[in-house]
Amino acid sequence: MAQAPAATTIAQDFEEQFPASLELHNRSRTIIPGGITHDGRHLRPFPVAVERAQGAYKWDLDGHRLIDYSVGHGSLLLGHNDPDVTKAVADQLQRGTHFGAGHGGEVLWAEQIRKLIPSAEQVKFTSSGTEATMLAIRLARAATTKSTILKFEGHFHGWNDYVLKGEKPPFEAAVSPGIPDAVLNTVVVLPANDLDAVEARLAEGDVAAVIVEPSGGSWSMLPLDGGFLERLRELTTEHDSLLIFDEVITGFRWAPGGAQATLGIPPDLTTLAKVVAGGLPGGAVVGRNEIMQLLAFKDDPVWNTQRKVRHPGTFNANPLSAAAGLACLAKCADGSVQTYCDRLAARLRTGLNQAIAGRGVPAFAYGDSSVFHIVLGERCSNHVAGDLRQPEGVPTSRLKAAAGPLAGPLQIGMLLEGVDVFNSGGMLSVTHTDADVDQTIGAFDRVLGRLQDEGQLVAG
Ligand code: PMP
């Protein structure tokens, strides 16, 4: 009897169905290193290129409609092309894109941020989250006249020289070439949740600031123990160190006032980006008056040349970003956007875990607020066919490795189903619907089945 032809694999189908993306990638690689412009967009065999986007969807070069869970790397809480944000940007375009001068938009934008973020007494704009953490660190060092920065394993704070250390496992070893040892030696990385280690290190007296993602590292991939941040606040105060909340992800997404509003913990400085600029480039450092005033000129030449913290930047508070940010934050101010996104994300996490339980495969989905993470090939001890905030029994390094070798196959499998998950997870926007979530859960179940069929994921 003739044998049935072997079914095609996920990888084979992917190459066949995204030819225009493959062609562009091959061209791109000859001019852009690796063919990608953000390390997070690395995907084997090649990433998908997008032509346009609207609401919760984007369309790739081959015309597939994809449900988008990367939402502008988290910046598009209102989805693609929100009409009010788009109009604000279009109106500003008519008036000019750069004045090389202060403008009303930046003041309105700063006032709106101060209204929302509890600890924001003053606001200084940057062009990105990476610049925001760099400026916050400089301010902390200037304010305390100490030089060491303490950060936590797996916490991501952008790509500047001070914050990359300890971001990826193996936490002690992995760091980018090109960062001088002298710089690396000013940064101490500790495991999160180890308050004894934090206390002992702070007691040495040289720590300018502790910087932390208040969601837990990597947008809640590495949840924090209850009480950790409260104690961190006490310890930093006791030891004359500053506490920096990196709210680049959590700002305006966790709540209109960010994670600090939900937690009721005031940091000294907060870094913002993504949602703050409504999907355009931009970031900010906000915080206590006395620290922020280190950025201000005075009628004192000695202060201005020796004590003032320097901070230029061609695109700081760019008028287009200010217009987008202001329009976006006005729509995120009453909490209804966040409530909607949180409910939908909880439903998605629940559905993903039900699919996992149904197939009996080692995997789990979890997350906080409006984000979700998927880990394949691991079991957590508290898995439920429902919503899961904090997986137990999996070491931090394994969580951070996320789905590990299966992350790529999952991502391309989901793309074949019309869903773009970003690094084995994603974020929701107010434009996602229950129907999108249902489609995503169905797609995920089928991809799990394919991974089982291919022997990549084994039940039991
Ligand atoms: N901090 C956190 C918590 C982030 O998630 C990111 C970006 N994903 C950054 C800082 C860096 O922001 P940007 O990419 O705008 O430089």
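Bear in mind these aren't lab numbers, they're just calculated from the coordinates by the rules spelled out. From a predicted model like this one, the values you see are computed outputs, not experimental measurements. Note that we place each Cβ from the backbone using ideal geometry, even for glycine, and neighbour counts take in every protein chain shown.
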Exercise. Using a simple charge model, +1 on the beta-carbon of Lys and Arg, -1 on the beta-carbon of Asp and Glu, nothing else, what dipole does the chain show about its Cα centre, in debye to the nearest 20?
Worked result: 640 debye
Exercise. In the chain, what percentage of the DSSP-assigned beta bridges are antiparallel, given to the nearest 5?
Worked result: 60 percent
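Of all beta bridges DSSP finds with both residues in segment 83-331, what is the antiparallel percent, to the nearest 5?
Details: 11 of 26 bridges.
Looking only at bridges with both residues in segment 83-331, the antiparallel portion is about 40 percent.
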Exercise. Taking a spot 7 Å from the Cα of L294 along the direction of its beta carbon, which residues of segment 245-268 have an amide N less than 13 Å from it?
Worked result: 268
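Can you show me the helix-derived [θ] at 222 nm for the chain, built from DSSP H runs with n ≥ 4 at -39,500 (n - 2.57) apiece and divided by the number of residues, rounded to the nearest 500.
Working: 16 runs with 170 residues, N = 460.
Helices in the chain give a 222 nm mean residue ellipticity of -11000 deg cm²/dmol.
For the residues I67, I265, I374, what sequence is obtained by ranking on other C-beta atoms within 10 Å, fewest first? Walk me through the intermediate numbers first.
Numbers: I67 23, I265 18, I374 26.
With the fewest neighbours first, I67, I265, I374 line up as I265, I67, I374.
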Problem set entry | Length released on extending from N185 to S336, taking residue separation times 0.36 nm less the Cα-Cα span | 49.9 nm
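Do you know the relative contact order of the chain, to the nearest whole percent, from alpha carbon pairs under 8 angstrom that are 6+ apart? Provide the component values of the computation, followed by the final result.
Numbers: 908 pairs, mean separation 89.0, N = 460.
It comes to 19 percent, rounded to a whole number.
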Exercise. Under a point-charge model restricted to the Cβ atoms of Lys and Arg (+1) and Asp and Glu (-1), what is the dipole moment magnitude of segment 413-460 relative to its Cα centre, in debye to the nearest 20?
Worked result: 120 debye
Problem set entry | Net charge, N353 excluded, C-beta distance under 13 Å - Lys, Arg +1, Asp, Glu -1 | +3
Seminar exercise, completed: The farthest towards the positive end of the charge dipole of segment 125-189, of the residues N185, L139, W159, given +1 on Cβ of Lys and Arg and -1 on Cβ of Asp and Glu, is L139
Problem set entry | Estimated inter-spin distance, L195 and Q452, nm [label 7 Å along Cα→Cβ] | 4.3 nm
Exercise. Given W219, V286, T86, which one lies farthest toward the positive end of the charge dipole of the chain, if we put +1 on the Cβ of every Lys and Arg and -1 on the Cβ of every Asp and Glu?
Worked result: T86
Exercise. Once phi is turned into θ = phi - 60°, what whole-Hz ³J(HN,Hα) does the Karplus curve with 6.51, -1.76 and 1.60 give for every residue of segment 341-348, x standing for Gly and Pro?
Worked result: 5, 5, 4, 5, 5, 5, 5, 5
Exercise. Out of residues 5 or more away from V419 or on other chains, whose amide H comes under 5 Å of its own, with H placed 1.01 Å from N in the peptide plane?
Worked result: I67
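How much length is gained on full extension from E51 to R379, taking 0.36 nm per residue of separation minus their Cα-Cα distance?
Difference between extended and current length: 114.3 nm.
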For this session: Considering the options L352, L232, H383, tell which one lies farthest towards the positive end of the dipole of the chain, charges being +1 on Lys and Arg and -1 on Asp and Glu at the Cβ, about the Cα centre.
Result: L232
Exercise. HN-Hα J couplings of segment 327-338 from phi, Karplus 6.51/-1.76/1.60, θ = phi - 60°, integer Hz, Gly and Pro as x?
Worked result: 4, 5, 5, 4, 7, 9, 7, 9, x, 6, 4, 5
Exercise. Any idea how far the Cα center of segment 217-247 sits from the one of segment 36-101, in Å?
Worked result: 32 Å
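Let me check against my output: what whole-number percent is the relative contact order of segment 186-260, with C-alpha pairs under 8 Å and at least 6 apart? Don't jump to the answer; show the numbers that get you there.
Details: 73 pairs, mean separation 25.6, N = 75.
This gives 34 percent for segment 186-260.
Set the Förster radius R0 to 45 Å, insert the Cβ-Cβ distance between T8 and E392 as r into 1/(1 + (r/R0)^6), and round the FRET efficiency to 0.05. Before the final figure, lay out each step's value.
On the way: r = 38 Å, r/R0 = 0.84.
For R0 = 45 Å, the calculated efficiency reads 0.75.
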Exercise. Which value, in debye to the nearest 20, gives the size of the charge dipole of segment 30-86 about its Cα centre, when Lys and Arg are +1 and Asp and Glu are -1 at the Cβ?
Worked result: 180 debye
Exercise. Most exposed first by the Cβ proxy, i.e. fewest other Cβ within 10 Å, how do F228, F125 rank?
Worked result: F228, F125
Exercise. Ranked by Cβ crowding within 10 angstrom, fewest neighbours first, how are I211, I244 ordered?
Worked result: I211, I244
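Going highest first, how would you order 38-47, 78-87 by mean Cβ packing within 10 Å? Please list the in-between numbers first.
Numbers: 38-47: 14.4, 78-87: 17.9.
Put in order of decreasing packing, that is 78-87, 38-47.
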For this session: Using amide H atoms built 1.01 Å from N in the peptide plane, name the residues 5+ places from T126, or on other chains, whose amide H lies under 5 Å from its own.
Result: G283, A284, V285, A317
For this session: Rounded to the nearest 0.05, what FRET efficiency do A357 and T305 give with R0 = 45 Å and r taken as the Cβ-Cβ distance? Could you check?
Result: 0.10
